[in-house]
Each structure stands twice: as structure tokens, then as C-alpha cells.
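The values are calculated or read from the model by the stated rules, or taken from the named source; none is laboratory data. Not measured: the values here are computed from a predicted model. Note: ideal-geometry Cβ built from the backbone for every residue, glycine included; neighbour counts use all protein chains shown. The accessibility values were calculated without ligands, DNA or RNA, using every heavy atom of the protein model including side chains. Shrake-Rupley method; radii C 1.70, N 1.55, O 1.52, S 1.80 Å.
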Amino acid sequence: INYTGAEANVAVSLSVMGEKTDFVTKMPDSDISACAIKMLKSYGVGIDNIVTGGDRLGLYYLERGASQRASKIIYDRKYSAISMARRDEFDWKKIFKDAGVFHFTGITAGLGGEMAEICIDACREAKKAGLLVTCDLNYRRALWSKDEARQVMGNLMPYVDVLICNEEDAACVFGMSADGSDIIAGKLNDQGYSELARKIKDVYGVPAVAFTLRTSISASDNDWAGMLFINDQSYFSRKYRIHLVDRVGGGDSFSAAVIYVLNNRFEPQKAIEFAVAASCLKQTIEMDFNLATVEEIERLMEGDGSGRVVR
């Protein structure tokens, strides 16, 4: 059993990298919630803004794939505490006091109930408070239809400063694809991704876009890279060949690293290299959290991918 979630993964990763974080959610008053909170606290994640209420935590089950057999995830989220949350339960002005970045994902916006409105409330208050707003598009077809996602996420985009996604999410939510790319065949076209990022900026007004670029050779081996579109320019990282230990949470670790580099004002090329190296390392770690330190990430960035034992 592991206690996790897209935004929780980001918060833990940032805490491990030395950033102060706080996780906002709603959990039932139960021993299971107490275990989850204890785990977050053990990584240094703030828990003061967790609302108590509801009957259950959402669950997911992972059957890990290998070689030609794909991994499979089954969700059991109906009636979870966060999906039943109310808008009046979150005091965003208080929550954002002394904060610098607000991060949310399309998973949270797609949980149903009042969650889409709660995300808009949070984004509006974040912009009033001068926060950088980052969003991982994170489309999940088990949660909502493409049309529903397009309407809700389209309404949220005017508040977003940095959008993080992959081509599949962009195609499902925005109906936009990278020309000349075929993710099933493992063919990715850099120019197509640059044009896709520019199209997202032109249509939705998002100033910066970060893409993960995954080439799936099999369920066990992937090529991994990324692109950052910022200041009207595209920056591509080097490519890593990963023998996967656990790829779940790879996108969240990328999001965390993007937030880290923007918060620490890395120049764009170094920023995307850091984000891709960080998320490369996560996929060699069991469970959903990226426990790689800044030192370990920078060592990989500098070319030490030998995997030799460090003593």
C-alpha cells in the first residue's frame, strides 16, 4: 500500500529537493487518513490546510506490466472525500498567504461534484495573490469525457502560467496534436511539438508549455526526453534510455522539477535538462514519489549515468 496522488507526488518531490510545500485536500477523519498524513509529514510536506470530512479516500490499483504486456490501472474514486468537497471549505486567501506557486492537475478538476469550480476559485485567488500557477493537464478518460475536459480545462487555462502535458493529453483535451509524430510507433517530431506549444499559447494564452517526450519501446524500456517552450522559444533535452522500475509518477516528478527550476530561475536549457533528468531518475524508484536529491539529479545532468555503486 502506498499513499499517493498527482499533487501529493509533486509536493513530496519538491520537499525532497529542499522546497517548502503544503498539500491542500480533503480527507475523512480515519486511521487510514492518519497514515497518509503521517507519510506526507515524514517527507516534510505541510498538512495544515487539509480539510477533514467525508467517508473515504479514493483508491487505485496498479498491475505492473513488463516487456510487451502493458501496465494496467483500475480506479475506485467514487464518493471519495475530495470529490465530495464544497467550495466553502477552502479559504484560498489564507491558504495562499506567503506562497509563491500554486500547482493543480486535470485529475483534480475532473473528480466531479464542485471540484471544477473549486479549481477555478483557487486559480482566481492565486492570480490575485501574485502566485505562479502551474497545471499538469493529466487527462484521465475514467474520470470524464474529452468534451467535458475540454470545457473545464479551457476555462482554467487563462489563469495558467505554465502548462505541463504530453501529446496524448493535448490531443484528448484540446484536440491538438504534434504534426509528424506517432506515439504508438515511437516516432516523435521536434518541430511538431514546437508548433503544438505555440498553438496552445495562441489559442489559450498560456505563456509557457513543458512537454514530456516518451518513446515506449516496451513496458520495460522507454526513451525519455522533454521540451520547454518559453519566451517564444523551444528547448529540447537530451534523451535517456530507461529500464523502468516504476514509471507511475514520472510525469509528476517532471512537474515538480519544472516548478523547482522556474522557482530558482534556471536558464531555459538547463531547466529542461534538470526536469528530464529528475523524472528519469524517478522511473528507477519504486512507488510514486521521486526521492532523488538535487545533487543526484545534477550528477546525471552532468553525464554520470553509469549506475555505478556510490560508496
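List the lysines whose alpha-carbon lies under 25 Å from that of residue 93, not counting same-chain residues fewer than 8 positions away?
Here the lysines satisfying the reach criterion relative to residue 93 are 20, 26, 41, 127, 128.
Between residue 270 and residue 89, what is the FRET efficiency for a Förster distance of 41 Å, r being their Cβ-Cβ separation, to the nearest 0.05? Please list the in-between numbers first.
Numbers: r = 40 Å, r/R0 = 0.98.
Efficiency at R0 = 41 Å is approximately 0.55.
Rounded to the nearest 10 Å², what accessible area does residue 92 show when all protein chains are kept and the probe is 1.4 Å?
The accessible area of residue 92 comes to roughly 30 Å².
By average Cβ neighbour count within 10 Å, what is the ranking of 65-75, 100-110 from highest down?
Descending mean neighbour count gives 100-110, 65-75.
If you average the C-alpha positions of region 118-176 and of region 256-311 separately, how far apart do those two centres end up, in angstrom?
25
Going toward the positive end of the dipole of the chain, with +1 on Lys and Arg Cβ and -1 on Asp and Glu Cβ, which of 287, 162, 224 do you reach last?
287
Over the chain, calculate the relative contact order: mean separation of alpha carbon pairs under 8 Å at least 6 apart, over the residue count, as a percent. Intermediate values should be presented prior to the final figure.
Numbers: 579 pairs, mean separation 46.0, N = 311.
Normalised by residue count, the contact order of the chain is 15 percent.
Taking a ≥ b ≥ c as the square roots of the Cα gyration tensor eigenvalues, with a/c under 1.5 meaning rounded and otherwise prolate when a/b beats b/c, else oblate, which class fits region 1-76?
oblate
Suppose every K and R has +1 on its Cβ and every D and E has -1 on its Cβ; what is the size of the dipole of the chain about the Cα centre, in Debye to the nearest 20? Walk me through the numbers before you get to the answer.
Details: 37 positive and 43 negative charges, 41 e Å.
Charge dipole of the chain: 200 debye, to the nearest 20.
If you roll a 1.4 Å probe over the chain with all protein chains in place, what percent of the accessible area is carbon or sulfur?
Taking all protein chains in place, the chain shows 48 percent carbon and sulfur surface.
Hey, got the dipole for region 220-311? About the Cα centre, +1 on K and R Cβ, -1 on D and E Cβ, debye to the nearest 20?
Once rounded to the nearest 20, the dipole reads 160 debye.
Using helices alone, I'd like the mean residue ellipticity at 222 nm for the chain: each DSSP H run of four-plus residues gives -39500 (n - 2.57), total over residue count, nearest 500. Please report the intermediate quantities before stating the final value.
On the way: 11 runs with 116 residues, N = 311.
Mean residue ellipticity at 222 nm (helix-derived): -11000 deg cm²/dmol.
Once you order the gyration tensor axes a ≥ b ≥ c over the Cα atoms, which shape class does region 100-183 get: rounded for a/c under 1.5, otherwise prolate or oblate by comparing a/b with b/c?
Verdict is oblate for region 100-183.
In what order, largest first, do 32, 37 sit by accessible area if the probe radius is 1.4 Å?
32, 37
Tell me, what is the 1.4 Å probe accessible area of residue 198, in Å² to the nearest 10?
Here the accessible area works out near 100 Å².
How big is the charge dipole of region 26-179 about its Cα centre, in debye rounded to the nearest 20, if each Lys and Arg gets +1 on its Cβ and each Asp and Glu gets -1 on its Cβ?
220
Given q = 0.11, 0.12, 0.21 Å⁻¹, what are the Debye log10 I(q)/I(0) values for region 125-250, with equal point scatterers placed on the Cα positions and solvent ignored?
Reported log10 I(q)/I(0), two decimals: -0.39, -0.47, -1.30.
Just reorder 118, 82 by solvent-accessible area, largest first, 1.4 Å probe, all chains present.
Ranked list, largest accessible area first: 82, 118.
Rounded to the nearest 10 Å², what accessible area does residue 218 show when all protein chains are kept and the probe is 1.4 Å?
The value for residue 218 is about 20 Å².
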